[in-house]
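Undergrad: Submitted below is the structure of interest, expressed as structure tokens.
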Amino acid sequence: MTQATPRATVVIYSGGMDSYTVLHRALREGLNVTALSFDYGQRHGRELEVAARVCAELGVPHQVVDIRAIHGLIDNSALTDASRDMPEGDYGEENLAATVVPNRNMILLSLAIAKAVNVGAERVDYGAHGGDHVLYPDCRPAFVEAMNAVAAIANFSPVEIHAPYLRASKAEILADGLAMGLDYAKTWTCYRGEALACGRCGSCRERLAAFAANGQTDPLEYAVDAPRPDLARGGV
């Protein structure tokens, strides 16, 4: 009796906490995983180095796609324009709107769908989560549902867009990963491309709050003057 071939998925893997957890979740499902990262000229390009190391350790096929040629189309963001000030403070539309990269997830998902069709994968996984809904339209359920509908008809082979944490908080994603025994020192979250995480940008603060909510200390190394979370309050 022949053994069934495991299903396959393409994981959009940035090197951050969310996609790191998604990657391991797909591996635990027993799927054949291909990891796909994108260089779009982001200031925090260090995340790509982290992603490459993790995939090498896991033996997961990993491709970094250089799409910097479109940088001039998406450079109206603090994440892609180093001359702009990086906003600090907690996640929220009021202070982090400057970090929105125009149409980013539609671009990345479209390319990942093409990769999935090319390698015979039935699924594309990405780490959209509930905490992003307030700020990023391309992380909201309506967007994922619409992309799923398009991915089902855009090629002869339908592809499913899978966002397992679409309605979960950052703290819930972290709790899932900690239960899997994941080492989050192997991730990069900070929006700044510096040697140490700043602890002040919205992404760092959300990460620190997630660890505090789980009663844990973040294993990542932060700048000396970075604010520290109050584990008792579950905040930063």
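Undergrad: For E221, E29, give the ranking by accessible area with the largest first, probe 1.4 Å.
TA: E221, E29
Undergrad: Follow-up question, since we're still on this one. Can you run phi through the Karplus equation (6.51, -1.76, 1.60; θ = phi - 60°) for the stretch 107-114 and list ³J(HN,Hα) in whole Hz, with x for Gly and Pro?
TA: For the stretch 107-114, the Karplus-derived couplings read 5, 5, 5, 4, 5, 5, 4, 4 Hz, x marking Gly and Pro.
Undergrad: Right, next: Given R₀ = 22 Å, what would the calculated FRET efficiency be for E194 paired with I70, taking r from the Cβ atoms and rounding to 0.05?
TA: 0.30
Undergrad: Amide H to amide H, which residues 5 or more places from R7 or on other chains are under 5 Å from it, using H placed in the peptide plane?
TA: N32
Undergrad: In what order, largest first, do H129, H24, H71 sit by accessible area if the probe radius is 1.4 Å?
TA: Order by accessible area, largest first: H71, H24, H129.
Undergrad: Suppose all protein chains stay in the model; what accessible area per residue would a 1.4 Å probe give for the stretch 105-154, in Å²?
TA: Using a 1.4 Å probe on heavy atoms only, each residue of the stretch 105-154 averages 40 Å².
Undergrad: Of the listed peptides 105-118, 139-152, 55-68, what is their order by residue-averaged count of other C-beta atoms within 10 Å, with the highest listed first?
TA: With the highest mean Cβ count within 10 Å placed first, the list reads 105-118, 139-152, 55-68.
Undergrad: Would you mind checking which residues have amide H under 5 Å from G15's amide H? H placed 1.01 Å from N; only 5 or more apart, or other chain.
TA: Amide H neighbours of G15, under 5 Å, 5+ apart: Y20.
The values are calculated or read from the model by the stated rules, or taken from the named source; none is laboratory data. Source: prediction; values computed, not measured. Please note: Cβ atoms are built from the backbone with ideal geometry, for glycine as well, and neighbour counts cover all protein chains shown. Only protein heavy atoms, including side chains, enter the accessible area calculation; ligands, DNA and RNA are left aside. Shrake-Rupley method; radii C 1.70, N 1.55, O 1.52, S 1.80 Å.
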